1. Taking A:PRO25 in one copy and the same position in all the others, each labelled 7 Å out along Cα→Cβ, what are the pairwise distances from the first, in nm, shortest first?
2. Using the Kirkwood radius built from alpha carbon pairs, what does the Stokes-Einstein equation give as D for the stretch A:1-72 at 37 °C and 0.692 mPa s, in µm² per second?
3. Which one, A:HIS97, A:TYR209, A:GLY194, projects farthest toward the positive side of the charge dipole computed for the protein assembly as shown from Cβ point charges (K/R +1, D/E -1)?
4. In the P(r) worked out for the stretch B:137-263, what percent of Cα pairs fall beyond 19 Å?
5. Mind listing P(r) for the stretch A:56-148? All alpha-carbon pairs, 5 Å bins, whole percents.
6. Normalise the Debye intensity by I(0) for the stretch A:190-261, one equal point scatterer per Cα, no solvent, then take log10 at q = 0.12, 0.21 Å⁻¹ and round to two decimals.
7. Rule-of-thumb check for the stretch A:127-166: C-alpha Rg over 2.2 N^0.38 Å?
8. Report the charge-dipole magnitude of chain B in Debye, nearest 20, computed about the Cα centre from +1 at each Lys and Arg Cβ and -1 at each Asp and Glu Cβ.
There are 2 protein chains.
Amino acid sequence: MSAELSPAEYSPSQAREFFRHNVRPSSGYAHGYAQANLLSIPARDAFDFLLFAQRNPKPCPLLGVLEAGEVTSPLLDGHDIRDCLPSYRVFHHGELHGTYADVHEHWREDLVTFLIGCSFTFESALIDNGIRVAHIDQGCNVPMYRTTRPTTPAGRFCGPLVVSMRPIPAHQVSDAVRITSRYPAVHGAPVHIGDPAALGIDDLSAPDYGDAVKLHDGDVPVFWACGVTPQAVLAASTPEFAITHTPGHMLVTNARDLDYQIP
Amino acid sequence: MSAELSPAEYSPSQAREFFRHNVRPSSGYAHGYAQANLLSIPARDAFDFLLFAQRNPKPCPLLGVLEAGEVTSPLLDGHDIRDCLPSYRVFHHGELHGTYADVHEHWREDLVTFLIGCSFTFESALIDNGIRVAHIDQGCNVPMYRTTRPTTPAGRFCGPLVVSMRPIPAHQVSDAVRITSRYPAVHGAPVHIGDPAALGIDDLSAPDYGDAVKLHDGDVPVFWACGVTPQAVLAASTPEFAITHTPGHMLVTNARDLDYQIP
């Protein structure tokens, strides 16, 4: 690891190597490369979850799938999926069992691993197009909320849609829609613009995950489908066993953000 | 069924009702509505195929999945998937066992059904934009070819990419790319433009499926990923049992072609 490089300048391999030994949020590492949400579940539940992702592409856009017995993929260029994320969560029957820096001891041969797109990709595009991202400006995690909008069930999996919220000045909302709609593989266009109550969100200052952000006068709350939805679905559907990333502590992949941009 | 309606004017429900009692190609029925390729396979192979489709979205864009035990879906608005296509094929161990007007007698409770997008959707868009489609002008089926390009394997499924070919005048090739790229859910942009030999196609006049079409001077052969790919994959992967549509004899769905257009 070169001491001269800033985190943004790390290659994806350097970032994953760094996270083998360090626990911290992955935002800002390996600029230009896509980061991914992680879900590993036993093979007997894997068809149901793959179908759930197919039916709910906005919260669960799949970037890749590791079959049972596989622990690496071209997206992580030889690294081991069990230790190259900064932090993992292990769930038993939908309940959080613990948080770990690596999951070699918890791994099972029958686990199928889903890599799910992350909104970090389109946040770079928003910033590049002159739209400020509040939680980055305010140095915190994006606020996320469980909604009253259900996902489309598949087999044993069901649960509420989780959304992330970014306040956008009214005159830039249209641009934010246009820009993010070009990234359907990483949540795409917003699912809701304006009134939080219509999603069953009573209080924007009390997010269910992440941190509250300050809205400025004239800001409109804009909601995107969120890759934390699978964690709410785990709680609702209680599969026997699951491993996920810790929110904000993602897999840095070798795929470029631009690979997921459509014209 | 009203005697006054032309096939293009049928509603999707009227078309499916017609095909319950009539065996003929579905091209031209219920204009403006998406048609779909069919694949039904036992649940124990369903994860592998769903993953195959996820890894090969150009030949296998999924419009919907019926879980084991389901025989209808909102895409067919209450009709029974076992009799509302004009014609079906039953495969045993990858080999064609027979062709049938309905498959009630062959159905099994453990079948999972995949509905896969069809290029009829983008052909309408080509024609609407002034690009002629040779096999429609020539009154035959589109020519399709097994290529030497492999699909991305998943579990037990692998096999060659099958492509459809449409000759396009050189000055319109760019438009054809632009127009079809707006329909990623129905095969999207071409996978290859020009030299058939690069795909391992020796003779355009001898397609593996469908009919040969005449090329005019100045036409460029343009190749799109094809929904018949799963049938070549069945032959290569020999699952114990499968039901498909008969090529050209598709499911007429209630989804509008425009539902699959991106900006």
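Values quoted throughout were computed directly from the atomic coordinates according to the rules given, and no laboratory measurement underlies them. All values derive from a computational prediction rather than experimental measurement. Every residue, glycine among them, receives a Cβ derived from its backbone with ideal geometry; neighbour counts consider all protein chains shown.
1. When each copy's label point is compared with this one, the spacings are 5.8 nm.
2. Estimated diffusion coefficient is 227 µm²/s.
3. Farthest towards the positive pole: A:GLY194.
4. 55 percent
5. 3, 10, 14, 19, 20, 16, 11, 5, 2, 0
6. The calculated log intensity ratios at q = 0.12, 0.21 Å⁻¹ are -0.50, -1.16.
7. 1.64
8. 480 debye
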